[in-house]
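J.: There's a structure below that I have some questions on.
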Amino acid sequence: MTTRPIITLPDEKTLRQVSRPVAAVDAATRGLFDDMLETMYDAPGIGLAAIQIGMPQRLVVLDLAKEGEDKTPMFFANPEIVWSSPEISDYEEGCLSIPEFFEMVQRPKEVKVHYRDRNNEPRELHATGLLATCLQHEIDHLNGVLFIDHISKLKRDRVIKKFQKAQKLGKL
Ligand code: NI
């Protein structure tokens, strides 16, 4: 397993890409899953999409275990939301690609997701709570969507400008 650099704003050219499905979860995919997991743990974070390390493949890793708890890594290939609840939930989101910025986001409270697991087995998951929020956030990444797209344009433009300025000043 290798830790890879995480792509952050202002690199929208990379982060806005739409990732392509994997044909099957093979040994190479599992290797990439492992690198994603190590990168996420190292950050530290609770979710990571492959595009965040520059790989435009529809792969997501999550681990919602709290500090001090046993690790519970989850692997999703080609995840697809097949149902969303009409009920909405609010959660203060952050993103490893937008460091040190947090904002309230509204999303469906529950989702049903179809995906392939680490062994290429087709699975269905009915997610609620933090898991539902994280899955939606990560699946957005696969479509080139960032959580700041769910907040006001004023706030979004402000945070993008902040990262563009930091890059110009050589602080990124
Ligand atoms: Ni993110």
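The values are calculated or read from the model by the stated rules, or taken from the named source; none is laboratory data. Bear in mind that the values here come from a model prediction, so they are computed numbers and not experimental data. We place every Cβ from the backbone using ideal geometry, glycine too, and count neighbours over all the protein chains shown.
J.: With the condition kept exactly as written, say whether any residue in the stretch 65-76 is buried (at least 17 other Cβ atoms within 10 Å of the Cβ), among the aliphatic types (A, V, I, L, M) and at pLDDT 95 or above.
T.: yes
J.: Please determine whether any residue of the stretch 104-125 is within 20 Å of VAL18 (Cβ to Cβ), within 16 Å of the ligand (Cβ to nearest atom) and part of a loop (DSSP other than H, G, I, E, B).
T.: No, because not a single residue in the stretch 104-125 is within 20 Å of VAL18 (Cβ to Cβ), within 16 Å of the ligand (Cβ to nearest atom) and part of a loop (DSSP other than H, G, I, E, B).
J.: Also, I was wondering about something else. Quick check on the stretch 55-75. Is at least one of its residues within 16 Å of the ligand (Cβ to nearest atom) and assigned to a helix (DSSP H, G or I)?
T.: Of the stretch 55-75, the ones within 16 Å of the ligand (Cβ to nearest atom) are 55-64, 74.
When the remaining residues are screened for being assigned to a helix (DSSP H, G or I), the result is none.
No; the residues of the stretch 55-75 include none that is within 16 Å of the ligand (Cβ to nearest atom) and assigned to a helix (DSSP H, G or I).
J.: Does at least one position in the stretch 142-154 carry a residue that is touching a Ser or Thr at 6+ places or on another chain (Cβ under 8 Å), at pLDDT 95 or above and more than 16 Å from the ligand (Cβ to nearest atom)?
T.: No, that holds for no residue.
J.: Working only within the stretch 126-172, note down all residues that are hydroxyl-bearing (Ser, Thr, Tyr), out of contact with any strand residue (DSSP E or B) (no Cβ under 8 Å at 6 or more places or on another chain) and assigned to a helix (DSSP H, G or I).
T.: Listed by number, the list is empty, since nothing qualifies.
J.: Follow-up. When the residues of the stretch 39-48 are narrowed to those that are out of contact with any Leu (no Cβ under 6 Å at 6 or more places or on another chain) and crowded, with 16+ Cβ neighbours inside 10 Å, which ends up nearest to LEU142 (Cα to Cα)?
T.: LEU48
J.: Here's a check for you: in the stretch 14-36, which residue that is without any contact (Cβ under 8 Å) to a residue 12 or more places away in the chain and within 13 Å of MET55 (Cα to Cα) is nearest to the chain's Cα centre (by Cα)?
T.: GLY31
J.: On to the next question. Within the stretch 21-36, is even one residue within 16 Å of the ligand (Cβ to nearest atom), of a type in the set (Phe, Trp, Tyr) and part of a helix (DSSP H, G or I)?
T.: no
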